[in-house]
Amino acid sequence: KSGWLGMGSVVKEFEDAVTSFIGGDPSPYVVAVNTGTTAMHIALSALGVGAGDEVIIPSLTFVATAQIVTATGATPVFCDIEEDTLNIDVNYLKKCITKKTKVIIPVHYRGFPCNMSAILKIASDNNIIVVEDAAHAFGSFYQGKKTGSFGDITCFSFDPIKTITCGEGGAVITRDKKIYESMVRKRILGIDKDTWSRYKNERSWSYDVIEQGYRYHMNNINAAIGLVQMKKFEQMNKRKIDIAKRYDEEFAHMEGISLLRTVYEDLGLFTYIIKVKNRRDELMAYLKEKGVGSGIHYIPVHHFTYYKNFLRNPLPVTDRVYEQILTLPLYPDMTDEETDLVMKEVQSFFSKN
């Protein structure tokens, strides 16, 4: 009805809603983009990350985290993780830092926040910027503050399977006005013009291009989906946590399974993951036969052909947990009967085998 399908006033509404949702003092700047991957890419681009720079990331992450580093020409440096959370290990992190380190990208795995106090302190002591990969963590809190309401730069994903979805989408959060202004230009081809004209659905033929940019902007259709999803976040998240707690009760004392350390209070939960000792692939195949889907999040990035040569030091925890982790079904519309089926079939596997 507005006649404006691209980036327009609805995108601004969505950005304002995200700003209000995250809160903090001062209020953050929000740049809505078309994916979580592009959110991280324009963040690194706005920081001037490039050839000769190093960026520290965990290897247990979706390959996008590494791809955005190599896309800038920088070198990814893989950091090991904690056994009980699968988040970045701050002690290992200290050993990864060199004079070339420009950025640390902690990944809030499954929505459970990393040890941000320690990470931000290490970064500050070494004049390093922290860009949080919070693709899993929209709505999570850390020490009473929402993810994105503190720190340097935070990137969210709103793709079809995240805690809220825009269909496809992402956002970058910062309190640095210069970085914000650069990202606003970079998301739409480096064009320097009055963004407010787009936010008001007004077209202008005159503009300048003042820096390298990309076709990364969010459109009104995706923003409209996101606005509705944000109203449902609390309800959807509560349902997922209720299911996860039922899983915990069932699996906590089951021989052959170990659980990750999780604090559900103030958690925006993305996935439910167990560790299966020795027989993960057998369980996965058994569940498939019984009509229960499962998955692995993720194949460590340093296992991929393109990234093998970037590995500097062994990642013993990453390699070990990769052989054990299994993601079980978890989604807001999941019924009690479906939850019972998952628990029953996991129990059945171990009792029969």
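The values are calculated or read from the model by the stated rules, or taken from the named source; none is laboratory data. What you see is a predicted model; the values in this text were computed from it and never measured. Here Cβ is always computed from backbone atoms with ideal geometry, including for glycine, and neighbour counts include all displayed protein chains. The area values use the complete protein model at the heavy-atom level, side chains included, leaving out ligands, DNA and RNA. Shrake-Rupley method; radii C 1.70, N 1.55, O 1.52, S 1.80 Å.
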message = As an exercise: evaluate GLY111 against (1) in contact with a Gly (Cβ under 8 Å, 6 or more places away or on another chain); (2) under 30 Å from ASN313 (Cβ atoms); (3) among the small types (Gly, Ala, Ser); (4) open to solvent by 10 Å² or more (accessible area, probe 1.4 Å) and give the number of the one condition it does not meet.
response = (4)
query = Tally time: how many residues in region 227-278 are open to solvent by 20 Å² or more (accessible area, probe 1.4 Å) and at pLDDT below 95?
reply = 4
remark   = Exactly one of ILE188, ILE122 is over 20 Å from THR38 (Cβ atoms), touching a residue at least 12 places away in the same chain (Cβ under 8 Å), in contact with a Lys or Arg (Cβ under 8 Å, 6 or more places away or on another chain) and surrounded by fewer than 23 Cβ atoms within 10 Å (Cβ to Cβ), and that one is ILE122
inquiry  = touching a Leu at 6+ places or on another chain (Cβ under 8 Å) and open to solvent by 10 Å² or more (accessible area, probe 1.4 Å): which single residue out of LEU326, LEU311, LEU330 fits that description?
reply    = LEU330
message = Filter region 295-308 down to the residues that are open to solvent by 10 Å² or more (accessible area, probe 1.4 Å) and either in contact with a helix residue (DSSP H, G or I) (Cβ under 7 Å, 6 or more places away or on another chain) or under 28 Å from MET236 (Cβ atoms) (or both) and list them by number.
response = GLY295, ILE296, HIS297, TYR298, ILE299, HIS302, LYS308
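Could you grab me the full set of residues in region 2-21 that are open to solvent by 10 Å² or more (accessible area, probe 1.4 Å), assigned to a loop (DSSP other than H, G, I, E, B) and of a type in the set (A, V, I, L, M, F, W, C)?
Scanning region 2-21 gives TRP4, LEU5.
Which residue, of VAL49, VAL90, VAL31, is in contact (Cβ under 8 Å) with a residue 12 or more places away in the chain and within 22 Å of PRO160 (Cα to Cα)? Walk me through how you get there before you give the answer.
Numbers: VAL49 fails: within 22 Å of PRO160 (Cα to Cα); VAL90 fails: within 22 Å of PRO160 (Cα to Cα).
Of VAL49, VAL90, VAL31, the one residue that is in contact (Cβ under 8 Å) with a residue 12 or more places away in the chain and within 22 Å of PRO160 (Cα to Cα) is VAL31.
Of everything in region 138-162, what is within 15 Å of GLY24 (Cβ to Cβ) and part of a loop (DSSP other than H, G, I, E, B)? Give them in sequence order.
Let us first name the residues in region 138-162 that are within 15 Å of GLY24 (Cβ to Cβ), namely 138-154, 156.
Once the filter is applied, which keeps residues that are within 15 Å of GLY24 (Cβ to Cβ) and part of a loop (DSSP other than H, G, I, E, B), region 138-162 yields PHE138, GLY139, SER140, GLN143, GLY144, THR147, GLY148, SER149, PHE150, GLY151, ASP152.
Have a look at LEU93, LEU86, LEU47, LEU60 and point out the one that is at positive phi, modelled with pLDDT of 95 or more and surrounded by 19 or more Cβ atoms within 10 Å (Cβ to Cβ). Quick ask: steps written out before the conclusion?
Details: LEU93 fails: at positive phi; LEU47 fails: at positive phi; LEU60 fails: at positive phi.
After ruling out the rest, the residue left standing is LEU86.
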key: Which numbered condition VAL209 fails, given (1) out of contact with any Leu (no Cβ under 6 Å at 6 or more places or on another chain); (2) at pLDDT 95 or above   = (2)
message = Quick check on this structure: which one of LEU60, LEU86 is touching a Pro at 6+ places or on another chain (Cβ under 7 Å) and in a loop (DSSP other than H, G, I, E, B)?
response = LEU60
ask   = Residues of region 125-147 being surrounded by 19 or more Cβ atoms within 10 Å (Cβ to Cβ), hydrophobic (A, V, I, L, M, F, W, C) and over 20 Å from GLU54 (Cβ atoms), which ones?
value = ALA134, ALA135, ALA137, PHE138
message = Could you tell me how many of the residues in region 90-100 are touching a strand residue (DSSP E or B) at 6+ places or on another chain (Cβ under 6 Å) and either part of a helix (DSSP H, G or I) or over 20 Å from VAL69 (Cα atoms) (or both)?
response = 3
